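Step one of this worksheet: look at the structure below.
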Amino acid sequence: MALLLRGMYTTPSLTPQDKPHRLGARIAALYHAGMQKISFTGKLFRWSGDMSSWYFVYLPKDLSTKLRALPRAKKRGFNSIKVRAKIGTTEWDTSLFPTKEGPYLIAVKKSVRLKEGIDDGDSVKMTCVLV
């Protein structure tokens, strides 16, 4: 059974804090598309630039295509999408960033890599909740 909330359909299982009308049009569209929580497996890779190293995981191309096709109410920096990411038992707030090549990517913090015992080249299962 779907409910109509300020022009957006949602399921009754969402809590009042999670209602799409409180999250903005882009997130509401993601909820409508059934993409409020996404899970995927990807390879952790190291990118070195300047004096520091960053570690990232690419999202699968099909999932990135779905995210890219959704309407946007307002653009965030770098056209990013805010998420709460999880690897293993570790959660943190971050963003999904689009790339020129097509897929989105997500940065994995050093504290997460150390706590979960993952390193460059490892395959990681991630879950992201859109916030």
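The values are calculated or read from the model by the stated rules, or taken from the named source; none is laboratory data. Predicted model only: the values in this text are computed from it and were never measured. Here Cβ is always computed from backbone atoms with ideal geometry, including for glycine, and neighbour counts include all displayed protein chains.
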Go through the range 49-82 and give me each residue that's farther than 20 Å from Ser123 by Cα and modelled with pLDDT of 80 or more.
Thr65, Lys66, Leu67, Arg68, Ser80, Ile81, Lys82
Among what's in the range 78-104 and is of a type in the set (D, E, K, R) and touching a strand residue (DSSP E or B) at 6+ places or on another chain (Cβ under 7 Å), pick the residue that is surrounded by the fewest Cβ atoms within 10 Å (Cβ to Cβ).
Asp93
For the range 112-131, does any single residue satisfy the condition of being of a type in the set (Asp, Glu), assigned by TED's automatic domain parsing to the domain that holds Gly42, surrounded by 11 or more Cβ atoms within 10 Å (Cβ to Cβ) and part of a helix (DSSP H, G or I)?
yes
Would you pick out the residues in the range 45-67 that are surrounded by fewer than 14 Cβ atoms within 10 Å (Cβ to Cβ) and not in a strand (DSSP E or B)?
Asp50, Met51, Lys61, Asp62, Thr65
